[in-house]
Amino acid sequence: MQIEQVVYNDISSPISFSLTPQLFVVFGNRELLETSNLTQKLTGEYPGAIFSGYSSAGEIANFLKDNSIVTTVLKFDKTAIKSLLVKASSTVWAETLTLLNNYWTLCKFPE
């Protein structure tokens with residue numbers, strides 16, 4: 001697995017990584033996420049990647065940052081990843097949690 005992390009303060013900065021990301025995890029200042037077109041740029045440049053993200057009151061990248069967007073990208077060497085969108089009705093959510101719990105119970109991880 002390969003990981004890179006970039007902190008964006010100036011959205012006009014070029015966006016580049018030394019790997020081809022499969023997964024983006026983006027945390028950032030809500031206003032900056034709403035007013036920048038960072039996610040549009042990234043989804044346009046990496047259309048096959050999966051994106052996950054949240055707004056935050058402070059971003060962590062070696063130290064606590066404010067008014068920034070921290071983007072962590074991952075590329076897996078031997079692991080296939082898929083995304084899942086679940087509508088948040090209470091019934092569907094409960095069923096999804098049960099399925100995930102059953103799945104993780106069946107998985108055995110090396111110690």
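The values are calculated or read from the model by the stated rules, or taken from the named source; none is laboratory data. None of these values were measured; they are calculated from a predicted model. Counting neighbours? That spans all protein chains shown, and the Cβs are built from the backbone with ideal geometry, glycine included.
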- Item | Filtered residue count, segment 14-39, keeping only those that are of a type in the set (Gly, Ala, Ser) and at pLDDT 90 or above | 1
- Message: Would you confirm whether or not segment 30-47 contains a residue that is touching a Pro at 6+ places or on another chain (Cβ under 8 Å) and buried (at least 17 other Cβ atoms within 10 Å of the Cβ)?
- Response: yes
- Restricting the first residue to segment 60-73 and requiring it to be more than 26 Å from THR20 (Cβ to Cβ), which pairs with a second residue that is surrounded by 10 or more Cβ atoms within 10 Å (Cβ to Cβ) and at pLDDT 65 or above meet a Cβ separation below 6 Å and a spacing of at least six or different chains? ASN67/ASN29
